[in-house]
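Structure, as structure tokens:
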Amino acid sequence: MSTWRRFDSLFARALLTQTLVVIGLMLVFGVFVYVERNAALGRLVGERWAPALRHAAGWNDPVPTALPPVMQRANRPPLAVESLRLSPRMAALDDELRRRGMPVQETLIARGAGAPALWLLVDTPNGGPVWLGVSDDALLPSLPRRIVPALLLGLMLLVGSSWILMRRLTRPLELLRARIEAHRPGAPRAAGASLAPLPDASPEIAAIESAYADLLARYEGHERERALLLAGVSHDLRSPLARIRMAAGLLPEADGVTPRRDSIVRNAALLERLIESFLHHVRAGELALDQTVDIAELARTAAARLERASHEVAVDAPATLAVSGTHPLLIERMLSNLLDNAFAHGQPPVRLRVSANARQAVIEVFDAGAGIPAGQREAVLQAFARGDASRGTPGTGLGLSIVMRVVSRMGGTLSFEPGDTGHCVRVSLPLAP
């Protein structure tokens, strides 16, 4: 699975969604706490400084017992910037001073060598404004020192708990996906065998699992009925077909009879090949995959049975190449169908190459023909389907379908590739680890 697919998985989406929702809630709560905290500090600072400011401005108020130092000047302070009076802290301070009889016309903040100074332009009893300055660390907005570690710790706990929760929720889905991908079409199961329940599955996932098991049981039942019907019909057709061929052979040699007798024999032979293809198609889905075969030897045997000249067919294979979990009749039929298809719909010379890498056994059949058009490759793998170029060529339309059925049961792949001088059909079968 690629990195992008892992990021785009249900687990990643759920984890990301939950994390973003909680972070959003934390931000909303943090902003609310920040605003309320700054407003409270602004009111406290206004309550603390209002008596000293009124005394410095010359208002005849009772003298407080302890007056904080207040700076005073007639002109605008240098190197001072206008404060944000709409900020929560400054708005609360302005409201508190106004409530205590100290309306503020303008507010400036000057940053000195020591603490920051807040300069307020206020009215005096004489009617003229004056600049009063107070120095207090609480005047400037600040982030509490413990909030950053707390946020980081909370985020770590959030991601960790979300990871565990989402993994627990999505793990049954991953197991169900792996189970479906591992199932090979046509692979028989023991009678009465059932799928093991998924661990920690929620009711919804358990319902999906039950529906899949029911669908799989119905599919396998339909496949058995279809195979039985196809095999029975094919077997029953052999007896009347043999009688037809025997009766045709007893016809006398005559000018008007011989062409018709030969036509009967040809059509009977075609029907016999069709019945044999039916039986091969049934066996491709019924034979047990419980043997180890030497596909290199079977490749040489399949090429020899064609009885063609050496310049028309060649085999390139190692001395031995064992593949387990298969059946010799299936491999033999697959190789024969690939070679027959190359000669029937391609052009000689045909080359059969068998090789292996670390994980796969590779079977390649090369011919000098034009190959199958890209738009028809998927269709010709279906039963009784034939490409446009093979409409006039005798055949049953089951050759590549049988090959695909065998490949699918063994967990392999089939592809059409360009060859050195024509076309190539490549089959890759997994090797036992």
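The values are calculated or read from the model by the stated rules, or taken from the named source; none is laboratory data. Not measured: the values here are computed from a predicted model. Cβ coordinates were reconstructed from backbone atoms using ideal geometry, including for glycine residues, and neighbour counts include every protein chain displayed.
Residue under question is Leu108, and the condition is that it be modelled with pLDDT of 70 or more and out of contact with any Phe, Trp or Tyr (no Cβ under 8 Å at 6 or more places or on another chain); does it hold? Give the steps one after another, and end with the answer.
Details: modelled with pLDDT of 70 or more: yes; out of contact with any Phe, Trp or Tyr (no Cβ under 8 Å at 6 or more places or on another chain): no.
No, not satisfied.
State whether one or more residues within segment 332-351 are assigned to a strand (DSSP E or B) and of a type outside the set (D, E, K, R). Step through it out loud before you land on a result.
Going through segment 332-351, the residues assigned to a strand (DSSP E or B) turn out to be 350-351.
Remaining after also requiring of a type outside the set (D, E, K, R): 350.
Yes.
For the structure I just gave you, tell me whether Ala322 is modelled with pLDDT of 85 or more, assigned by TED's automatic domain parsing to the domain that holds Leu414, out of contact with any Phe, Trp or Tyr (no Cβ under 9 Å at 6 or more places or on another chain) and surrounded by fewer than 23 Cβ atoms within 10 Å (Cβ to Cβ). Give the derivation first.
Working: modelled with pLDDT of 85 or more: yes; assigned by TED's automatic domain parsing to the domain that holds Leu414: yes; out of contact with any Phe, Trp or Tyr (no Cβ under 9 Å at 6 or more places or on another chain): yes; surrounded by fewer than 23 Cβ atoms within 10 Å (Cβ to Cβ): yes.
It is true that Ala322 is modelled with pLDDT of 85 or more, assigned by TED's automatic domain parsing to the domain that holds Leu414, out of contact with any Phe, Trp or Tyr (no Cβ under 9 Å at 6 or more places or on another chain) and surrounded by fewer than 23 Cβ atoms within 10 Å (Cβ to Cβ).
Is it the case, given these coordinates, that Arg177 is at pLDDT 75 or above, of a type in the set (Lys, Arg) and within 30 Å of Ala14 (Cβ to Cβ)? Before the answer, list the steps.
Working: at pLDDT 75 or above: yes; of a type in the set (Lys, Arg): yes; within 30 Å of Ala14 (Cβ to Cβ): yes.
Criteria met by Arg177.
Please state which one of Glu253, Glu220, Glu209 is modelled with pLDDT of 70 or more and surrounded by fewer than 15 Cβ atoms within 10 Å (Cβ to Cβ).
Values: Glu220 fails: surrounded by fewer than 15 Cβ atoms within 10 Å (Cβ to Cβ); Glu209 fails: surrounded by fewer than 15 Cβ atoms within 10 Å (Cβ to Cβ).
One residue alone meets the criteria, Glu253.
Does segment 286-319 hold any residues that are of a type in the set (A, V, I, L, M), surrounded by fewer than 19 Cβ atoms within 10 Å (Cβ to Cβ) and part of a helix (DSSP H, G or I), and which are they?
Hit for segment 286-319 is Ala304, nothing else.
Just to be sure, is Asn60 modelled with pLDDT of 80 or more, on the phi < 0 side of the Ramachandran plot and among the polar types (S, T, N, Q)?
Values: modelled with pLDDT of 80 or more: no; on the phi < 0 side of the Ramachandran plot: yes; among the polar types (S, T, N, Q): yes.
No: the conditions fail for Asn60.
Would you check which residues across segment 340-361 are without any contact (Cβ under 8 Å) to a residue 60 or more places away in the chain and of a type in the set (S, T, N, Q) and list them?
Ser355, Asn357
Here's a check for you: in segment 338-370, which residue that is surrounded by fewer than 19 Cβ atoms within 10 Å (Cβ to Cβ) and of a type in the set (Lys, Arg) is modelled with the highest pLDDT?
Arg353
List the residue pairs whose Cβ atoms are under 8 Å apart, where the first residue sits in segment 325-339 and is among the acidic types (Asp, Glu), the second is modelled with pLDDT of 85 or more, and the two are 6 or more positions apart or on different chains.
Glu332/Leu298; Glu332/Thr301; Glu332/Ala302
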